Structure formats: structure tokens, C-alpha cells
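One structure below.
The values are calculated or read from the model by the stated rules, or taken from the named source; none is laboratory data. What you are looking at is a predicted structure, and each value in this text was computed from that prediction instead of being measured. Cβ placement follows ideal geometry from the backbone for every residue including glycine, while neighbour counts extend to all protein chains displayed.
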Amino acid sequence: MISDFKKKVAELVEMLVLQGASDLHLAVGAQPIIRVSGALTPILSEAVLTNDDVIGLLSEMLSPEHKKRFLEIQEVDFSYSHEGKARFRGNAFVERGHIGVALRLIPKVIRSFSELGLPPIVETFAARKQGFFLVVGPVGMGKTTTLAALIDKINTERTEHIITIEDPIEYLFENKKSLIEQREVRVDTADFESALRSVFRQDANVLMIGEMRTPETMATAVTAAETGHLVFSTLHTNNAAQTIDRIIDAFPAGQQDQIRIQLAGSLAGIFSQRLVPRISGGLVPACELLINNNAVANLIREKRSHEIQTVIETSAEEGMIDMNRSLAQLVRAGEITVESAYALSWNPKTLERLL
């Protein structure tokens with residue numbers, strides 16, 4: 001039984017940072033577990049957690065508002081800052097009558113594209129004045145970090161009014177050349193939709209939407225991109241073609257043609273990324289990049305999104321990046337194993353030809 005929850009939270013946070021871990025999991029009946037370079041590892045020096053232990057540790061991290069919300073619906077997203085040294089995105093939930101907590105470390109320093117190992121062409125989307133740019137991929141693949149790098153580049157180089165809408169706020173930005181205002185759902189605004197509707201009256205140039213969860217959010221984001229805003233957001237999809245289908249299929253049949261036309265006209269690009277275990281340790285990104293051109297826009301309008309993958313594969317000279325080629329390059333460079341490449345490939349037969 002933990003006697004001093006505040007002290008124990010501090011010890012766990014410091015251990016996570018010291019080990020270079022990305023995540024911390026607290027579950028009843030298990031020792032605290034951290035994720036290092038993609039692999040889960042129990043902290044063997046810690047005792048197995050009881051339900052009271054997890055409740056006490058969580059209470060140290062939640063604000064009164066988030067405690068109230070957790071008691072009401074038995075799950076909550078939150079952010080937690082530890083003495084200004086480390087910041088986390090957290091989720092608390094109930095499983096089989098017990099409380100579980102997952103914490104993701106948010107680096108204090110926003111890293112550049114070169115530090116993240118991202119292709120330089122992605123930076124060019126920060127120079128645009130309007131359009132809709134999506135960063136997609138499964139949970140834990142660095143989508144938020146890539147968005148932060150884009151926003152920080154704009155903040156460093158341009159005088160713009162940037163508004164972020166997040167649940168919860170993750171990276172904290174400081175004004176450089178731009179004015180940045182960060183709004184947290186259920187703290188600063190009721191929901192994504194309300195915050196997005198207000199943007200049109202707030203003289204914003206750049207919007208960053210933490211995640212598009214509803215058709216209303218998607219429709220407003222696309223409209224904002226059409227009306228002179230540069231809009232960045234994320235979706236939990238695997239690739240460009242699936243992302244386009246997910247957006248369109250979110251709407252009733254009677255609205256799909258309209259959103260298809262709007263998306264074809266406003267889309268700037270879709271960047272899909274995966275973090276792959278590096279042979280030498282750590283993680284390295286593999287990626288796909290779709291850049292919207294006339295051919296892509298026509299495919300979207302004509303309901304032929306299944307052909308988009310072929311456009312990506314044959315448009316490297318325009319800057320598009322095919323995931324299989326990205327994986328193959330990492331294998332040839334000795335960064336990742338062949339097994340890792342096959343595990344992440346959407347088309348292993350094509351990857352085999354490239355290797």
C-alpha cells in the first residue's frame with residue numbers, strides 16, 4: 001500500500017523520464033509498466049498496485065473538474081504537468097470494476113522535422129496560406145508531434161493568428177512571431193463543434209484540430225479550409241485512400257456528393273506515419289504522403305479513391321511518398337529489419353519487389 005501518493009507519482013515520472021519511456025500504465029494487480037522503444041516493461045522495483053493505490057495516484061493528477069467528470073462517466077481524458085519538468089496526456093478508465101490509467105509523455109521541447117526524421121517536403125505544408133492537411137495513423141505513431149512541428153514552424157516564421165482546439169491540450173506553445181491561442185474541450189469550450197464555429201468570428205489564419213471525431217467537425221473543418229484558413233488535423237486511419245473514404249462515409253448518403261466536392265477542392269495533403277523500431281535502438285518514422293493535384297482531386301470527385309494508391313506510387317517526382325518505398329529505403333539503410341518492414345507493409349508483395 002502506497003503511503004505518500006504525491007511522492008510516488010514523482011518517483012514514477014522521474015523513472016519514466018530517466019528510462020526514455022514514452023508511456024506509463026497503472027493497473028490494479030500489476031506493477032507500474034512503462035513503454036520503451038515500443039516495448040512494454042514492468043518496473044520490477046515497484047510493488048503490485050492495489051485499487052486504492054491507483055485511485056490515490058490518479059487523484060494526484062486530476063483537476064477537480066476532471067475528477068467530477070470521471071465520477072460521472074467513469075472515463076476521462078486529461079493532461080498532467082509534473083512540477084514543470086514533464087507533461088503528460090492521460091486517460092483514466094474503469095475495467096472489470098477497477099481503475100486503469102494510461103499516461104503518454106509529451107516532450108517539453110518541440111522537435112524540428114530533421115530531429116524527428118520526417119521528410120523535408122512535409123515542412124512545405126506549413127508555408128501554405130490555406131488548405132486542409134491531415135496527419136493520420138494508429139494511436140501512438142507521433143501524429144500530435146508532427147502537428148506540433150508544423151505549428152511551431154509557422155509560429156517561428158510567420159505572423160499569423162493560430163488557434164488550436166484539443167482534448168486535452170498536449171504541447172504548450174509560446175508566442176514567437178505568431179499569436180497562438182489553445183482551447184481545451186470541456187475546459188475552455190463545450191466541444192469541438194462549438195469551438196470551430198467560433199473560429200469564423202475570431203480572425204484566425206491557422207487552425208489545429210486535435211482530432212476529427214464527428215461529421216460536424218469534419219464539415220466545419222473542410223469549410224474553414226475553403227474559406228481561406230490553413231487547417232491541420234488528425235484521423236485514426238491507415239492511409240490516404242482510407243482517410244478520404246472515412247471522411248466521406250461519415251456523412252449521410254444525401255450529403256456525400258457535396259462533401260466529396262468540397263474535399264477535392266480544399267485538401268492540401270494527407271501524411272500517414274508509422275514509428276518503426278530502429279535496429280540501433282529507438283524508433284524511426286516510415287511514411288506515406290499524398291499531395292492533392294488535379295489527378296487526385298478528380299479521383300475524389302469521381303468516387304475512385306481506390307485508385308489513389310497508384311497515383312502515390314507513380315508520383316515520386318512530385319514529392320509524393322509511397323509507404324513501401326519508405327520501408328524499403330529504411331531496410332536498405334540498415335535502420336530497420338526486413339521483418340519490421342513486412343509487418344507494417346499494406347502490400348507485402350510490392351514490398352518484396354522493392355527489396
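Tabulated data
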item: Evaluation of ILE121 against (1) exposed (fewer than 15 other Cβ atoms within 10 Å of the Cβ); (2) over 20 Å from HIS229 (Cβ atoms); (3) hydrophobic (A, V, I, L, M, F, W, C) (one fails), failing number; result: (1)
item: Pairs with Cβ under 8 Å, 6+ apart, first in region 67-79 and free of Cβ contacts under 8 Å to residues at least 12 places away in the same chain, second hydroxyl-bearing (Ser, Thr, Tyr); result: LYS67/SER59
item: Region 335-355, subset charged (D, E, K, R) and exposed (fewer than 15 other Cβ atoms within 10 Å of the Cβ), residue nearest to HIS306 (Cα to Cα); result: LYS349
item: Index of the failed condition, ARG260 passing every other in (1) out of contact with any Lys or Arg (no Cβ under 7 Å at 6 or more places or on another chain); (2) among the charged types (D, E, K, R); (3) within 23 Å of LEU207 (Cβ to Cβ); result: (1)
item: Every pair of residues 6+ apart whose Cβ atoms lie under 7 Å, when the first sits in region 30-59 and is free of Cβ contacts under 8 Å to residues at least 40 places away in the same chain while the second is buried (at least 16 other Cβ atoms within 10 Å of the Cβ) and among the acidic types (Asp, Glu); result: GLN31/GLU46; PRO32/GLU46; ILE34/ASP23; ARG35/ASP23
item: Residue in region 47-64 that is surrounded by fewer than 18 Cβ atoms within 10 Å (Cβ to Cβ), more than 26 Å from VAL109 (Cβ to Cβ), within 24 Å of the chain's Cα centre (by Cα) and not β-branched (Val, Ile, Thr) present; result: no
item: Tally of residues being under 22 Å from the mean Cα position of the chain (by Cα), surrounded by 15 or more Cβ atoms within 10 Å (Cβ to Cβ) and in a helix (DSSP H, G or I) across region 14-44; result: 1
item: Check on GLY281, exposed (fewer than 14 other Cβ atoms within 10 Å of the Cβ), touching a residue at least 60 places away in the same chain (Cβ under 8 Å) and over 22 Å from LYS143 (Cβ atoms); result: yes
item: Criterion: small (Gly, Ala, Ser) and at pLDDT below 95 - qualifying residue of ALA190, ALA204, ALA148, ALA127; result: ALA190
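Yes or no, residue by residue, for (1) closer than 30 Å to ASP257 by Cβ; (2) charged (D, E, K, R); (3) within 25 Å of the chain's Cα centre (by Cα); (4) not assigned by TED's automatic domain parsing to the domain that holds VAL135:
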site: GLY281; (1), (2), (3), (4): no, no, yes, no
site: ALA286; (1), (2), (3), (4): no, no, yes, no
site: LEU290; (1), (2), (3), (4): yes, no, yes, no
site: ILE308; (1), (2), (3), (4): yes, no, yes, no
site: LEU330; (1), (2), (3), (4): no, no, yes, yes
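Residue-wise test of (1) under 26 Å from LEU150 (Cα atoms); (2) modelled with pLDDT of 90 or more.
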position	(1), (2)
SER37	yes, no
LEU40	no, yes
LYS68	no, yes
VAL76	no, yes
PRO107	yes, no
GLU123	yes, yes
